[in-house]
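Have a look at the structure below before the remarks.
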């Protein structure tokens, strides 16, 4: 009996808006709940991803730092193989901020056999010497300190002189050099071994300027340090070979592994 089908069709069209309005609060509530739930989950996921990204960035930075440290240690190791003396690796802990003192603190002291006057080098040349020793650390005076003096000689011809510091960031200076001394720009200066503090032959720096001002008793000779005084992190503490006998490469390798 389909006589009322058209009526039902008309009534369904009329009733549909009422049904829609009746279900609107429920549908709106569900939509809002899903919206905020999805938003909350999205924020949580974003927070987790940001944390993971930050953690990975820190790990990457640490990895890069370890790579640079490994390169520095390899440079030190390569340098130590060329030395006739026994060496011990130390790390710089602190830098004295006083521009007139120019000292650094290293992580080796009496426990490791460090002594006052011990020569300190990096991978490229002489840095200074130990001036104060405690149980687990030591103070090192740098070449640039105006109170530091070091006997050197010209590697080319053996001319001897004394080199002193002139202050932070400044070149070193050769003292009391006659005007007719055979010293040229580019000459390599090495330790002469005189004075008993530094073994002979360690690079100290290269001559960058030679001038003879009229009326001056001595020539003015400036030297660029061979050591990377402002960037080195690891240093070598040198002991004379004759004090310990034959130098064994395995000793420095073990020292590097213990530092790592």
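Things to note:
- Out of 158, 186, sole residue that is without any contact (Cβ under 8 Å) to a residue 60 or more places away in the chain, farther than 18 Å from residue 229 by Cα and more than 32 Å from the chain's Cα centre (by Cα): 158
- Summed over the range 118-143, the residues that are under 21 Å from residue 192 (Cβ atoms), modelled with pLDDT of 90 or more and not in a strand (DSSP E or B) give a count of 2.
- Residues (under 12 Å from residue 211 (Cα atoms) and out of contact with any strand residue (DSSP E or B) (no Cβ under 8 Å at 6 or more places or on another chain)) located in the range 165-195: 180
- Selected residue (criterion: farthest from the chain's Cα centre (by Cα)) from residues of the range 218-232 that are modelled with pLDDT under 85 and surrounded by fewer than 16 Cβ atoms within 10 Å (Cβ to Cβ): 230
- Some residue of the range 99-110 being at pLDDT below 70, more than 22 Å from the chain's Cα centre (by Cα) and either farther than 30 Å from residue 235 by Cα or surrounded by 10 or more Cβ atoms within 10 Å (Cβ to Cβ) (or both): no
The values are calculated or read from the model by the stated rules, or taken from the named source; none is laboratory data. Treat the numbers as computed from the prediction; the structure is a model and nothing was measured. All Cβ positions, glycine included, derive from the backbone under ideal geometry; neighbour counts span all protein chains shown.
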